[in-house]
Amino acid sequence: RPATLYGRDDLIARAAAALTDPHSHTPLALTALRGLPGIGKTALALHLAHHPDVTAAFPDGILWVALGPQMDDDTLLAELGLFIASQGGSAQGLTTAEQHSRLLAALWQERRLLLLLDDCWNPAHARPFVDALPPGGRCLLTTRRGSVADDLGAAPWEVPVLDPTPSLELLAAGGNEARRAVDADAETAAALAHRLGH
């Protein structure tokens, strides 16, 4: 289940509406402001995966694939094979990403599903999954790099830093001592949130 998020309600609502728009089939990419790590892309994707409008729009499944910077061609083929097995198929005898993608497309025919590709560094690693999506499917990916979204034809949604108020809420959520410290000296806490870049 997703963790608590601060200051993201509007972004979640807009992204959920975009994902469930029946007239759009463009992949959606949560990108990082200036490539910042840890800004909450994966947490946002998790919240969207559990959003009631999203789960209702994709009754045939919401599927998660963790890519990451360590992914290489051999690891990708192994992951595709495991993913195909999880979908009831067998990748035995398949030697290329394109073959895996065609088999996934056959397994996913007519399905209304959402594919979440987390932490994509190389568009070639996402391509076999994206190309396999059926017409009723959608893709949401997270990446630090806007160029990845461009290469995949995805609509980039930049995840901004937090506003000052939710930044303070996040600091105060660090435990009882954190709450007491923020409440006792809001001015210093606000300065800390600013120094941390919100």
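The values are calculated or read from the model by the stated rules, or taken from the named source; none is laboratory data. The model shown is predicted, which means the values in this text are computed figures rather than measured ones. Cβ sites come from the backbone with ideal geometry, for glycine too, and all protein chains shown count toward neighbours. These area figures cover heavy atoms from the full protein model, side chains too; ligands, DNA and RNA do not enter into them. Shrake-Rupley method; radii C 1.70, N 1.55, O 1.52, S 1.80 Å.
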Subset of the stretch 27-65 [touching a Cys at 6+ places or on another chain (Cβ under 9 Å) and either assigned to a loop (DSSP other than H, G, I, E, B) or open to solvent by 30 Å² or more (accessible area, probe 1.4 Å) (or both)]: 27
Among the residues listed as 158, 187, the single one being touching a helix residue (DSSP H, G or I) at 6+ places or on another chain (Cβ under 7 Å), more than 21 Å from residue 71 (Cα to Cα), of a type outside the set (A, V, I, L, M) and surrounded by fewer than 17 Cβ atoms within 10 Å (Cβ to Cβ): 158
Candidate set: the stretch 97-143, residues that are charged (D, E, K, R) and over 20 Å from residue 58 (Cβ atoms); chosen: the one nearest to the chain's Cα centre (by Cα): 119
Members of the stretch 117-161 found to be among the polar types (S, T, N, Q) and either free of Cβ contacts under 8 Å to residues at least 24 places away in the same chain or part of a helix (DSSP H, G or I) (or both), listed by number: 147
Cβ pairs under 7 Å, 6+ apart, first in the stretch 28-52 and at pLDDT below 80, second assigned to a helix (DSSP H, G or I): 32/41; 39/33
Residues located in the stretch 66-76, provided they are surrounded by fewer than 18 Cβ atoms within 10 Å (Cβ to Cβ) and either touching a residue at least 60 places away in the same chain (Cβ under 8 Å) or not polar (S, T, N, Q) (or both): 66, 68, 69, 72, 73, 74
In the stretch 162-176, the residues that are without any contact (Cβ under 8 Å) to a residue 24 or more places away in the chain and either under 23 Å from residue 133 (Cβ atoms) or in a loop (DSSP other than H, G, I, E, B) (or both): 174, 175
